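The values are calculated or read from the model by the stated rules, or taken from the named source; none is laboratory data. Since the model is a prediction, treat every value here as computed from it, not as a measurement. Cβ coordinates were reconstructed from backbone atoms using ideal geometry, including for glycine residues, and neighbour counts include every protein chain displayed. With ligands, DNA and RNA removed, areas are computed over all heavy atoms of the protein, side chains included. Shrake-Rupley method; radii C 1.70, N 1.55, O 1.52, S 1.80 Å.
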Amino acid sequence: MAPTGEFVSSYAERKSRFMKWLSKLFRSGPGRGNAAGSNHHPQLIGDESMIWRAPPRSLDDRSRAQKEKEELDHAIGLSLAEDLKRRSGYRWQAERDEELARSLQDSSNPPLYPPYAPAPAPYYSYGETQRICGGCKHDIRFGNYLGCMGTYFHPQCFCCRSCGRPIVENEFSLSGRDPYHKSCFKELAHPKCEVCHQFIPTNRAGLIEYRCHPFWSQKYCPSHEHDNTARCCSCERLESWDARYVSLGDGRSLCFECMESAIMDTGDCQPLYHAIRDYYEGMNMRLDQQIPMLLVERQALNEAIVGEKSGLHHMPETRGLCLSEEQTVTSILKRPTFGRHQLVGIKTQPQKLTRKCEVTAILVLYGLPRLLTGAILAHELMHGWLRLKGYRNLNPEVEEGICQVLSYMWLESEVMPGFKNMPSSSTSTSAASSSSSSSSSKKGGKSKVEHKLGEFFMHQIANDSSPAYGGGFRSANAAVNKYGLRRTLDHIHLTGNFPL
């Protein structure tokens, strides 16, 4: 017998070994001795010189010698077949031959053919570790598998984090340790234009370049700044291709959110105008003169600006004007109706304005949301208050800056009712807040959309880049926060500048 662990590789060696254990079997088995009356001659088995008497022939059609030959051939064939089926990495153990021989020898009636042994449990070759699927957490025993990020997967377990379907493509995307289809990852991570709803293209350097509104965070392709895409004249957002804006007929467009609270004619604006006058009175800044207020079209406002001899105007778009000269102005008499994404049927009326005091009238663009219209009115009323109270020859940074502070304070009282926006007396602050709250309650309260618009208008004032309106507001606001509104106004009246 070959020693344990030795590999059997040739047919002759196998045959010799099987003949040895068959010889031992036939010598020691029952009924194998020298039977009485036997006249058979001894037989030689293979190359061995061992002699045994052949048993008497049975009544079977096949001779015992033929059966032995078949048994020997089958055992050898079984050994070779098992060796061929064995995978690389599995070791052939010589002890299995000895176990098979012992099982045949111990059996009193050995079967004609030895039974097939069960397939050995697979194990990995030397130095190989067990593989656990990173998806189902089960052992990967046979078949194909994938290796990624130091982990193994069944092919059906390597799935996209977004859609959950298996990834079968040769290329995929990774975010951290999460795999994605390339198309799913692009849908998830590549920014889309909020105007045309397409993936924002890359520039010549291969980088994704887009524009983003500083307040609304609206992302859009740079090309939309130059392709005549409509922009809301109130909130500055670009028109999306799936939502048409309303044309106001004078070159301006209005989004539907701003349209919800838009004020369209002079009559609609009167309650708001009086509420802001009450706000001023609540801060001990009463306006003694009844200053006319008119809502006008864009063209009428621009003509009035040309006729005004003095004053600084906010470019590129002026939305309000504190008029000090006598002029004839065309105002909006009746609100237009809405039809097919534009306003139709607008009725206007020319009105001659005569000068009875330092302020002739206050003009405001029609079609703007309530909070923006109110912020413009608060700004222009402060111009009127300064002129009526004898504040002369102020430089633009001081005059426009303090007017912007009043506009900001009114918006703050509307957006955050009860918030103390200045270190003034409790009586003044309480009265102003009460007036503001009453005007809000008349409108039935503000929606979330209007509240967000108010925050945007405050953001516009605080972040204005112009020297007079932006720089002036920040200087004036710092002085008011430090000394209070009344002391700041007194200092401006005496020196023409903000207190340091």
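Considering only protein heavy atoms, what per residue accessible area in square angstrom results for segment 133-179 with a 1.4 angstrom probe? Display every interim value, and only then the final one.
Values: 3180 Å² over 47 residues.
Ligands and nucleic acids excluded, the result is 68 Å² per residue.
Mind ranking Asp178, Asp464 by accessible surface for me, highest first, 1.4 Å probe?
Greatest to least solvent exposure: Asp178, Asp464.
Could you give the semi-axes, largest first, of the ellipsoid that matches segment 352-414, computed as the square roots of 5 times the alpha carbon gyration tensor eigenvalues and rounded to whole Å?
Taking √(5λ) for each Cα gyration eigenvalue gives 21, 17, 9 Å.
Determine, from the Cβ-Cβ distance of Leu500 and His341 and an R0 of 56 Å, the FRET efficiency 1/(1 + (r/R0)^6), rounded to the nearest 0.05.
0.60
Using a 1.4 angstrom probe and counting only protein chains, how large is the accessible area of Asp278 in Å², to 10?
80
If I model a spin label as a point 7 Å beyond the Cα along the Cα-Cβ vector, how far apart are those points for Gln351 and Asn228 in nm?
Here the answer is 3.6 nm between the modelled labels.
Need one value: the accessible area of Glu194 in square angstrom, 1.4 angstrom probe, rounded to the nearest 10.
80
Return the distance in nm (one decimal) between the two label points of a simple spin-label model at Ser247 and Val449, each offset 7 Å from Cα along Cα→Cβ.
Here the answer is 2.2 nm between the modelled labels.
Quick check for you: which residues of segment 233-247 have the amide N under 13 Å from the point 7 Å beyond the Cα of His213 toward its beta carbon?
From segment 233-247, the list is 233-241, 245.
Exceeding 27 Å between C-alpha atoms, which entries from my cross-link table qualify? They are Lys182/Lys219; Lys186/Lys219; Lys352/Lys452; Lys192/Lys446.
Lys352/Lys452; Lys192/Lys446
How large is the accessible surface of Lys482 in square angstrom, using a 1.4 angstrom probe and rounding to the nearest 10?
Lys482 has an accessible surface of roughly 140 Å² with all protein chains in place.
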